[in-house]
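K.L.:
This is the structure I want to talk about, given as structure tokens.
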Amino acid sequence: MTMDARPLTGLLARLSDDGSEDDLDTRILDAALAEFETYGLRRVSAEDVARRAGVARTTIYRRFGNKDNLAQAVILRECRRFLTSIADATEGLPTAEDALVEGFVVGLRGARTQPLMTRVLHSEPEAFLAQLGMNGGAVMIAARDILADRLRRARPDDRDDYATVAEVLLRTAFSLLLVPGGGLTLEDEDDMRAFAREYLTRMLRRPGG
């Protein structure tokens with residue numbers, strides 16, 4: 001089935017970095033988040049969200065198009081909040097490398113306790129993966145752009161590959177969350193820092209640097 005991405009495209013514009021989504025969007029997204037955290041992505045219907053938000057089901061469809069777009073909007077908003085909290089936690093560090101290392105530690109540790117991530121990754125990781133791929137990877141692209149902007153602010157030089165670096169970082173983090181175990185358990189924060197310092201900061205180095 002082909003999904004109509006137009007409602008999501010409009011929502012992405014409304015969900016700007018300054019949190020200027022309107023009150024009705026906020027009410028619906030808050031209700032959807034509570035439902036998804038409690039019951040997971042698959043079991044929740046548009047009717048469930050409408051009931052919790054105190055709106056008509058048709059309002060959900062008019063604002064978001066369908067439940068999958070609504071789920072993507074919730075995930076995007078939580079990603080934006082999460083990445084902003086990482087940026088706040090790493091603000092003032094002396095180098096972009098330090099910010100990347102501490103951001104990786106804060107992010108991986110936080111993702112393992114974030115209620116929505118915990119609920120979905122433990123019970124239906126395949127549903128989360130499906131969301132990342134829908135509508136041309138809209139959620140991944142939006143999260144990548146947010147993270148790339150943070151990296152660019154940390155080191156405002158003339159390099160043009162921050163988007164690539166940001167996407168690789170996101171895909172690395174998602175892989176560690178979705179496929180735990182193996183040789184990279186990284187349960188200890190010192191191990192996380194050592195891994196990030198040794199391997200991830202290489203992406204910030206210029207060729208020949």
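K.L.:
Does region 129-142 contain any residue that is outside any loop (DSSP other than H, G, I, E, B), out of contact with any Lys or Arg (no Cβ under 8 Å at 6 or more places or on another chain) and under 20 Å from A31 (Cα atoms)?
P.N.:
yes
K.L.:
Then there is this: Considering region 31-53 alone, what residues qualify as being in a helix (DSSP H, G or I) and among the polar types (S, T, N, Q)? Step through it out loud before you land on a result.
P.N.:
At the first step, the residues of region 31-53 found to be in a helix (DSSP H, G or I) are 31-39, 46-53.
Across region 31-53, the qualifying residue is only T38.
K.L.:
Which residue out of E91, E102 is acidic (D, E) and over 14 Å from D149 (Cα atoms)?
P.N.:
Residue meeting the stated conditions: E102.
K.L.:
A further question on this structure: Please enumerate the residues belonging to region 83-110 that are surrounded by 19 or more Cβ atoms within 10 Å (Cβ to Cβ), modelled with pLDDT under 90 and under 13 Å from the mean Cα position of the chain (by Cα).
P.N.:
L83, I86, G107
K.L.:
Within the set of pairs 6+ apart or on separate chains, which have a first residue in region 174-194 that is touching a residue at least 12 places away in the same chain (Cβ under 8 Å), a second that is among the β-branched types (V, I, T) and surrounded by 14 or more Cβ atoms within 10 Å (Cβ to Cβ), and C-beta atoms under 6 Å apart?
P.N.:
As it stands, the answer is E189/V105; M192/V105; R193/V101; R193/V105, since those pairs meet every condition given.
K.L.:
Can you find, within region 66-76, the residue that is modelled with the lowest pLDDT among those that are surrounded by fewer than 21 Cβ atoms within 10 Å (Cβ to Cβ) and touching a helix residue (DSSP H, G or I) at 6+ places or on another chain (Cβ under 7 Å)?
P.N.:
D68
K.L.:
Of everything in region 23-42, what is over 11 Å from K67 (Cβ atoms) and either free of Cβ contacts under 8 Å to residues at least 12 places away in the same chain or among the charged types (D, E, K, R) (or both)? Give them in sequence order. Spell out the reasoning first.
P.N.:
Step one: filter region 23-42 for residues over 11 Å from K67 (Cβ atoms), giving 23-31, 33-34, 37-40.
Within region 23-42, D23, D25, T26, R27, D30, E37, Y39 qualify.
K.L.:
Here's another thing I want to ask about it. Given the conditions (1) in a helix (DSSP H, G or I); (2) closer than 30 Å to D188 by Cβ, and given that L93 satisfies all but one, which numbered condition is not satisfied?
P.N.:
Only one criterion in (1) in a helix (DSSP H, G or I); (2) closer than 30 Å to D188 by Cβ is unmet by L93, namely (1).
K.L.:
If you don't mind, another one. Filter region 130-173 down to residues that are small (G, A, S), in contact (Cβ under 8 Å) with a residue 24 or more places away in the chain and either loosely packed, with under 15 Cβ neighbours inside 10 Å or on the phi > 0 side of the Ramachandran plot (or both), then give me how many there are.
P.N.:
Number of matching residues: 1.
K.L.:
Of the residues R63, R119, only one is surrounded by fewer than 18 Cβ atoms within 10 Å (Cβ to Cβ), of a type outside the set (D, E) and either farther than 20 Å from A154 by Cα or modelled with pLDDT of 85 or more (or both); which?
P.N.:
R119
K.L.:
Looking only at region 162-172, decide whether some residue is of a type in the set (F, W, Y) and assigned to a loop (DSSP other than H, G, I, E, B).
P.N.:
Looking for residues that are of a type in the set (F, W, Y) and assigned to a loop (DSSP other than H, G, I, E, B), one finds none in region 162-172, hence no.
The values are calculated or read from the model by the stated rules, or taken from the named source; none is laboratory data. What you are looking at is a predicted structure, and each value in this text was computed from that prediction instead of being measured. Neighbour counts run over all protein chains shown; Cβ positions are idealised from the backbone, glycine included.
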